[in-house]
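Step one of this worksheet: look at the structure below.
The values are calculated or read from the model by the stated rules, or taken from the named source; none is laboratory data. Source: prediction; values computed, not measured. Ideal geometry is used to build each Cβ from the backbone, glycine not excepted, and the neighbour counts take in all protein chains shown. With ligands, DNA and RNA removed, areas are computed over all heavy atoms of the protein, side chains included. Shrake-Rupley method; radii C 1.70, N 1.55, O 1.52, S 1.80 Å.
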Amino acid sequence: MATWHNWARNEHASPQRFDTPGSTPELAAVIVRAAEHGRRVKAVGAGHSFTGVAVTDGTLISLDRMTGVEAVSPTATGALVSVRAGTRLHELSEELWALGLALPNLGDIDVQSVAGAISTGTHGTGTDFTGLSAQVRAVTTVLADGSIVECSPEHNPDLFEVSRLGIGAFGILSSVTFECVSAFRLRAHETPSSLSETLDSLDHRLRADHFEFYWFPHTDGVLTKTNTRLPGATPVDPVGRIRGFVDDEILSNGVFNAFQHLGTRAPSLIPGLNSVSARALSERTYTDQSHRVFASKRRVRFKEMEYAIPAEALPAVLEEIATWLSRTDLRIGFPIEVRFAAADDVWLSTAHRRATAYVAVHQFHRGEHREYFSAVEAIARSVGGRPHWGKLHSLTAAELSEAYPRFDDVLAVRDRVDPQRMFDNDCLRRVLGA
């Protein structure tokens with residue numbers, strides 16, 4: 001393997017060795033062999049992180065041969081499901097549905113591996129629901145010395161905490177056990193609105209099971225999506241084939257991609273293009289299996305930064321972003337995505353101990369993102385924002401330690417299980433320190 005690239009093509013690696021173990025013992029052997037040759041080790045799944053978290057010049061490990069459900073233990077509300085860490089989320093969702101089960105919540109992209117998704121803090125939306133890491137009940141991880149360790153809140157609890165969200169700094173996951181629920185369907189209602197009306201009615205909108213919206217910069221236009229949970233036996237009423245092709249392929253991907261290319265060449269056109277985009281998708285309602293509603297197809301390549309802020313600070317933050325955009329010549333063609341999550345207890349979770357609103361900003365992969373992302377980052381940080389671990393940001397360990405009450409505990413576990421920094425790279429040195 002000469003060069004590895006992440007999905008966004010903003011990070012790459014030229015490892016000395018590329019391994020694809022098919023089992024936990026094989027994974028342990030790869031790590032031991034790398035240590036014997038003095039090589040650092042990183043694991044990669046779908047490469048959907050926008051950061052350099054998987055970059056290494058040592059041994060790069062793909063978990064693509066470690067997939068599928070391993071065990072199912074029924075519970076009163078669903079089941080504990082153990083799955084191999086390289087399984088893609090969309091594959092897991094299909095397997096769970098066949099078992100009459102589902103993950104309680106998912107993000108809007110499901111191409112990530114299980115290990116990558118929980119390790120970077122992937123989340124969906126819903127004020128009563130947490131991110132994927134908080135749905136984890138146990139893990140099996142391989143440490144720097146090749147030891148295979150099973151972790152849970154009752155067994156190796158400190159290692160469990162940093163393994164269910166640890167940006168690859170503590171070991172390499174081989175399996176993950178999720179607390180799953182009985183399969184359910186979702187009724188989605190998508191409709192255009194305005195930013196002012198959406199914020200004015202936000203308290204009411206957040207009573208829904210899952211609510212999110214997309215605001216088009218330089219306009220007052222937004223697209224809202226409200227998902228309501230329904231029993232698994234509810235009849236489906238999916239988007240029709242023609243309507244789905246027009247909305248999801250032609251408008252959301254094809255035309256939108258063309259708009260991004262056009263806006264890159266002629267930025268002055270972006271406000272007008274955004275106005276068209278905000279009105280292009282008409283209102284629609286459909287019902288389908290939960291995972292098919294949660295996730296959307298994203299074919300337009302972009303770079304992304306996302307900040308988790310206290311939920312009550314959202315209106316002020318969006319107002320400041322709008323004010324900043326009005327004062328600059330910069331034109332942004334990608335919508336700003338806003339989602340919500342319940343507080344959780346995961347040590348490195350962006351929603352640790354607080355109800356959270358997520359503000360995600362994007363830039364077309366051919367566009368310059370730094371000025372825009374820096375401005376939004378400063379606004380989010382002014383209200384105590386925490387950056388998504390798998391998306392772009394500029395914070396260092398010193399700054400992050402102020403945002404996470406358990407940060408020193410995280411570092412203590414790292415010193416204990418990886419004192420030689422077998423899993424280190426430039427990204428981890430920046431966010432966790434030496």
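Per-structure values
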{"read-out": "Extreme residue, least open to solvent (accessible area, probe 1.4 Å), among residues of the stretch 352-378 that are among the small types (Gly, Ala, Ser) and out of contact with any helix residue (DSSP H, G or I) (no Cβ under 8 Å at 6 or more places or on another chain)", "value": "Ala360"}
{"read-out": "Residue selected from the stretch 122-139 under the condition among the polar types (S, T, N, Q) and open to solvent by 20 Å² or more (accessible area, probe 1.4 Å), by the criterion nearest to the chain's Cα centre (by Cα)", "value": "Thr130"}
{"read-out": "Odd one out for Glu399, checked against (1) under 30 Å from Asp203 (Cα atoms); (2) not in a loop (DSSP other than H, G, I, E, B)", "value": "(1)"}
{"read-out": "Selected residue [polar (S, T, N, Q), modelled with pLDDT of 95 or more and either in contact with a Ser or Thr (Cβ under 6 Å, 6 or more places away or on another chain) or under 25 Å from Gly232 (Cβ atoms) (or both)] from Thr3, Thr77, Thr56, Thr67", "value": "Thr67"}
{"read-out": "Cross-chain or 6+ apart pairs with Cβ under 6 Å, the stretch 81-96 first and modelled with pLDDT of 95 or more and acidic (Asp, Glu), then open to solvent by 10 Å² or more (accessible area, probe 1.4 Å) and outside any loop (DSSP other than H, G, I, E, B)", "value": "Glu95/Val69"}
{"read-out": "Residue within the stretch 415-422 that is surrounded by fewer than 18 Cβ atoms within 10 Å (Cβ to Cβ), within 20 Å of the chain's Cα centre (by Cα) and among the polar types (S, T, N, Q) present", "value": "no"}
{"read-out": "Of the criteria (1) touching a strand residue (DSSP E or B) at 6+ places or on another chain (Cβ under 8 Å); (2) hydroxyl-bearing (Ser, Thr, Tyr); (3) open to solvent by 10 Å² or more (accessible area, probe 1.4 Å), which one Ser49 fails", "value": "(1)"}
{"read-out": "Residue list for the stretch 92-121, filter: among the acidic types (Asp, Glu) and either touching a Pro at 6+ places or on another chain (Cβ under 8 Å) or buried (at least 21 other Cβ atoms within 10 Å of the Cβ) (or both)", "value": "Asp110"}
{"read-out": "Residue tally, condition open to solvent by less than 10 Å² (accessible area, probe 1.4 Å) and not in a loop (DSSP other than H, G, I, E, B), over the stretch 379-391", "value": "2"}
{"read-out": "Residue match in the stretch 21-42 (condition: of a type in the set (S, T, N, Q), in contact with a helix residue (DSSP H, G or I) (Cβ under 9 Å, 6 or more places away or on another chain) and at pLDDT 95 or above)", "value": "no"}
{"read-out": "Pairs where the first residue, in the stretch 31-60, is farther than 16 Å from Ser119 by Cα and the second is part of a helix (DSSP H, G or I), C-beta under 9 Å, 6+ apart", "value": "Arg39/Arg33; Arg40/Ala34; Gly58/Ala34; Thr59/Val30; Thr59/Ile31; Thr59/Arg33; Thr59/Ala34"}
{"read-out": "From Asp203, Asp220, residue being out of contact with any helix residue (DSSP H, G or I) (no Cβ under 9 Å at 6 or more places or on another chain), under 27 Å from Glu337 (Cβ atoms), open to solvent by 10 Å² or more (accessible area, probe 1.4 Å) and of a type in the set (D, E, K, R)", "value": "Asp203"}
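Every residue, every condition in (1) of a type outside the set (Ser, Thr, Tyr); (2) more than 26 Å from Gln420 (Cβ to Cβ), yes or no:
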residue	(1), (2)
Arg33	yes, no
Ser49	no, no
Gly52	yes, no
Ser73	no, yes
